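Structure first, then comments.
The values are calculated or read from the model by the stated rules, or taken from the named source; none is laboratory data. Here the structure is a predicted model, which is why all the values come from computation and not from measurement. Note that each Cβ is placed from the backbone with ideal geometry, even for glycine, and that neighbours are counted across all protein chains shown. Keep in mind that these areas ignore ligands, DNA and RNA; they rest on the heavy atoms of the full protein, side chains included. Shrake-Rupley method; radii C 1.70, N 1.55, O 1.52, S 1.80 Å.
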Amino acid sequence: QLGIERPQGYTVSFHYNPKVEQHHFGSKHPMKPWRLQLTKQLVFGYGLHYAMDLNESLPAEHRDLAEFHDNDYLNFLQYIKSDDQTQKRHQEELNRYVFTDEFNDCPIFDGIWDYVTLCTGATLEAAHALSSGESNIAISWSGGLHHAKKRQASGFCYVNDIVLAIQHLLQSYTRVLYIDIDVHHGDGVEAAFFNTDRVMTLSYHKYGEFFPGTGGPDDSGPKGFEEPGAYFSLNVPLEDGIDDSDYGWLFRKVTGKTIEVFKPEAIVLQCGADSLGGDRLGKFNLNIKAHGSCVEYVKSRNLPLLMLGGGGYTPRNVARTWCHETAVACNVQLGSDDGRASSIEIPNFVPYRAAFEGAGNGNGLLYPELNIRKLQHPKTYTREDLENTAARCLEQLRHIEG
Ligand code: V1S
Ligand code: CA
Ligand code: ZN
């Protein structure tokens, strides 16, 4: 309807399974899998499915997950039930694997095994589409669950689909770069590849009294400098309220240099949407256009690219962001390019259009900037702050140059 065509000369694939959207972490929990349904409705509403290969993915198998995770932990996830009786009987394992407390970050909910295998299935299928050469860009918005550890759930993440995908990519590519623009530190991915020089992890995140508390400026890999992973974990800790131009400047400077020196053969980009202004948990002040321009920048390097979801706790903003980024992947311009909000409204035939009413629909997909700038005490970065942060990153990169 909007004249959407396939991008010339390359293939974008979209990997999803609608069953993921039906899962519930609990009414008070910020993670809402239905944000994926909202995203998909926008993507389809704009006709972006005409520009991509669509794949309804199968759930991953236990053995796929065991490529990274501990078997006992996976058995626990597979067989634990959400009722109190079972949970009482398994108190010791619950404490060991999911750290229970009053508002549990990682609750045991109905269908948890289906949820984790569906999320992982979509990401692994996307990784395979890249390594087989079928796709140049593969998208899995239900993935990006960067906190999960080998034998522990953490920060709303039970199974680390990113680690599993990178392990798969390493069978075909010598070096894989992982970039993480979620407002939280990508600790689980960093930990999994801490001791190798074949994967470089680069995370931009809020640091200081913020979950998970890792990813400080000196966290650069193992400290035995002869060890293979030394300097291959790059962290860009940031403060509350960083805005479009400062984030954009740093992102280009540091990501650009990282790609230049590391020379990856493939890139995995975690596009957590909790780095937007107005997110329920996040503290940054990015608008959708600035978030999307990071994706655009990475895409412009023309390397096999796996795009994943992650955090994002204001569902309408998540849907707008990931729809816009799907369009970026497909080289489709949905918004106007004049720096203001898009003039294109959410199409009438999007079934969930009503969900966007009163949330700025009249201002189009990119969402009016004024509505998302809600922080009371944003930190203003000085030129010097930014130069210093960038200089420290470039200094670390000098160790892996050549
Ligand atoms: N910030 C934050 C936050 N909010 C919650 C939360 C709130 C209500 C609930 F019913 C349940 C949980 N948990 C947190 C954070 C975890 C953030 C995870 C982000 C995940 C991601 O976006 O990066 C990727 C998908 N947890 C904490 O701050 C830890 C606690 C320290 C405080 C909260 N309690 C629940 C656990 C311990
Ligand atoms: Ca991050
Ligand atoms: Zn996050």
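A few points about this structure:
- Of all residues in segment 192-208 being outside any loop (DSSP other than H, G, I, E, B) and away from ligand 3 (no atom under 16 Å from the Cβ), the one that is farthest from THR258 (Cα to Cα): ALA192
- Residue among ASP161, ASP218, ASP180 that alone is under 28 Å from GLN37 (Cα atoms), out of contact with any His (no Cβ under 8 Å at 6 or more places or on another chain) and acidic (Asp, Glu): ASP161
- Residue in segment 41-75 that is farthest from the chain's Cα centre (by Cα), counting only those that are open to solvent by 80 Å² or more (accessible area, probe 1.4 Å) and over 20 Å from GLY111 (Cα atoms): TYR50
- Considering residues of segment 206-234 that are touching a helix residue (DSSP H, G or I) at 6+ places or on another chain (Cβ under 8 Å) and within 16 Å of ligand 1 (Cβ to nearest atom) only, the residue most open to solvent (accessible area, probe 1.4 Å): THR214
- Residue check, ASP197 more than 16 Å from ligand 1 (Cβ to nearest atom) and at pLDDT below 95: no
- Qualifying residue in segment 76-88 (condition: touching a residue at least 60 places away in the same chain (Cβ under 8 Å) and either in a loop (DSSP other than H, G, I, E, B) or surrounded by 18 or more Cβ atoms within 10 Å (Cβ to Cβ) (or both)): yes
- Close pairs (7 angstrom Cβ cut-off, 6 or more residues apart or separate chains): farther than 27 Å from CYS106 by Cα and in a loop (DSSP other than H, G, I, E, B) in segment 209-225, within 16 Å of ligand 1 (Cβ to nearest atom) and open to solvent by less than 30 Å² (accessible area, probe 1.4 Å) anywhere: PRO217/ASN235; PRO217/PRO237
Conditions (1) within 16 Å of ligand 3 (Cβ to nearest atom); (2) closer than 16 Å to MET200 by Cα; (3) crowded, with 24+ Cβ neighbours inside 10 Å; (4) hydrophobic (A, V, I, L, M, F, W, C), marked per residue:
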position	(1), (2), (3), (4)
TRP141	yes, no, yes, yes
ARG151	no, no, no, no
ASN160	yes, no, yes, no
GLN167	no, yes, no, no
TYR173	no, yes, no, no
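- Of the criteria (1) within 15 Å of the chain's Cα centre (by Cα); (2) within 16 Å of ligand 2 (Cβ to nearest atom), which one GLU239 fails: (1)
- Any chance ILE162 is within 16 Å of ligand 2 (Cβ to nearest atom) and either of a type in the set (D, E, K, R) or not in a loop (DSSP other than H, G, I, E, B) (or both): yes
- Verdict on THR174 being in contact (Cβ under 8 Å) with a residue 12 or more places away in the chain, part of a helix (DSSP H, G or I) and β-branched (Val, Ile, Thr): no
- Subset of segment 106-155 that is of a type in the set (Phe, Trp, Tyr) and more than 17 Å from ASN95 (Cα to Cα) - its residue that is nearest to ligand 2 (Cβ to nearest atom): TRP141
- Test result for THR321, open to solvent by 10 Å² or more (accessible area, probe 1.4 Å) and within 15 Å of ligand 3 (Cβ to nearest atom): no
- Considering segment 260-280, the residues that are surrounded by 22 or more Cβ atoms within 10 Å (Cβ to Cβ), modelled with pLDDT under 95 and not charged (D, E, K, R) include one that is nearest to the chain's Cα centre (by Cα), namely LEU276.
- Taking the listed residues LYS289, LYS283, LYS257, the one that is outside any strand (DSSP E or B), within 13 Å of ligand 3 (Cβ to nearest atom) and basic (Lys, Arg) is LYS283, with no other qualifying.
- Top-ranked residue in segment 287-315 [being open to solvent by 10 Å² or more (accessible area, probe 1.4 Å) and within 16 Å of ligand 2 (Cβ to nearest atom); ranked as modelled with the lowest pLDDT]: ALA290
- Cβ-Cβ under 9 Å pairs, at least 6 apart or on other chains, segment 41-54 side part of a strand (DSSP E or B), far side surrounded by fewer than 21 Cβ atoms within 10 Å (Cβ to Cβ) and not polar (S, T, N, Q): ASP53/GLU134
- Among the residues making up segment 179-200, those that are open to solvent by less than 10 Å² (accessible area, probe 1.4 Å) and within 10 Å of ligand 2 (Cβ to nearest atom) are ILE179, ASP180, ILE181, ASP182, VAL183, HIS185, GLY186, VAL189.
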